[in-house]
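For reference, the structure discussed in these notes is given below.
Where a number appears in this text, it was derived from the coordinates with a stated rule and is not lab data. Nothing here was measured: the structure is a model prediction, and the numbers come from that model. Cβ sites come from the backbone with ideal geometry, for glycine too, and all protein chains shown count toward neighbours.
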Amino acid sequence: MPEASSKAEYIVGVDLGGTKILAGVFKTPQECIGIAKLSTKPQRGVEAVIERVARCVQDAVDEADLSLKQVAGVGVGAPGAVNSDSGSVIFAPNMEGWKDVPLKKQLEKHLGIPVFVENDCNIAALGVHVTELKSKPRNLVGIFVGTGIGGGIIINGDLYSGFNHTAGEIGHMVLDVSGPKCGCGNKGCFEALASRTAIFQQIKAGIKDGEQTILTEMLGNDLADLRSGDLRKAIRRGDKFVEKIVEGAAEYIGIGIANLVNILGPEVVVVGGGVIEALEDEMMSVIVETAQDYAMPGTMKDVEIIASKLGDSAGITGGAVLARRATK
């Protein structure tokens, strides 16, 4: 493993997603001093994406007016199933060609400093747990709704990765066996029903079937530049079709939470990611109400369901926590 300089005191957290790469330089896990963002462009292939991650790290370090020699380590949240011991991505369903990718090894070659890799939503949950909730809940489930849906589980204060290092794949819990096909190959996964990708697909299918929506006035018929924030604008302008689709996704999130509460009995369920950040006011009351309706009697008592205030920063914050712990 590359050695960090003895003067290195900064850490970098990276959130590698199917759509974008976000990197942040931290003096402490609470204090981000430089940030950079690049589109992922997974269609260019695995090597090109790894090079873009390295460039995003360098851009963030430049933004903070530092050099890589001052960085003690990099914590990367990668999508899909990750072996955190080897730093390899076992399988990433939303990134073509990402199977048994030695991400840690490759990034260390590019950067020359220690790199630590964990599932993206595991470390987002870690970031929320440590910085937002001050490590207080002993048992927590994090659900992050973005391009896909991922999760992280904290049990007895520690991140739970399971026997094969793949625990927390909440997005691939099957909620409807006759539902739409998911990127993982199964049908009716949580992710295929309630992620941003799923919501957008449902809206586009509805338009093809003749549904009327303000979104086509705002963005044109193909909705090429559709973003989560556009859904909020449409709902606030009285768009009943978009409201119905978003409410349906919120109900599935509530059902997913009820299942997880029944099984794991956490103190806190944190919901985050770009979709929740954009649509918290439109979704959270439906999520909470549905979770309470579907949970077994008694299991929801005193359980908090909250929206993360870290928003899109949860991943890089968790990456910083991971790297700081690993380099201490």
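Table for the structure above
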| item | result |
| --- | --- |
| More than 16 angstrom apart: percent of Cα pairs within the range 1-88 | 53 percent |
| Computed magnitude of the charge dipole of the chain (debye, nearest 20; Cβ of K, R +1, Cβ of D, E -1) | 620 debye |
| By average C-beta atoms within 10 angstrom, highest first, the peptides 281-289, 148-156 | 148-156, 281-289 |
| Pairwise FRET efficiency - ASP225 versus THR19, Cβ, R0 = 22 Å, nearest 0.05 | 0.95 |
| Proximal charge balance of VAL246 [Cβ under 15 Å; K/R count +1, D/E count -1] | -2 |
| Taking the chain and dividing mean pair separation by its residue count, relative contact order in percent (alpha carbons under 8 Å, at least six apart) | 20 percent |
| The range 132-237 shape via C-alpha gyration tensor axes, a/c threshold 1.5 | oblate |
| Environment charge at ILE90 (Cβ cut-off 14 Å; Lys +1, Arg +1, Asp -1, Glu -1) | -3 |
| Compactness relative to 2.2 N^0.38 Å, alpha carbon Rg of the chain | 0.98 |
| Mean Cβ count within 10 Å, highest first, over the residues of peptides 120-127, 219-226 | 120-127, 219-226 |
| Cα centroid separation - the range 17-82 against the range 183-197, whole Å | 27 Å |
| Farthest positive-ward along the chain dipole, Cα basis, beta-carbon charges - from MET296, ASN83, HIS110 | HIS110 |
| Label point 7 Å beyond Cα of ARG325 along Cβ direction - residues of the range 147-180 with amide nitrogen under 20 Å | 150-170 |
| Descending semi-axes in Å of the range 135-308, equivalent ellipsoid built from Cα gyration tensor | 30, 17, 14 |
| Degrees separating the helix 314-327 axis from the principal Cα axis of the chain, which is the longest one | 30 degrees |
| Cα principal axis extents for the range 205-279, largest first, Å | 45, 23, 21 |
| Inter-part distance where the range 239-286 and the range 106-166 are each reduced to a Cα centre, Å | 20 Å |
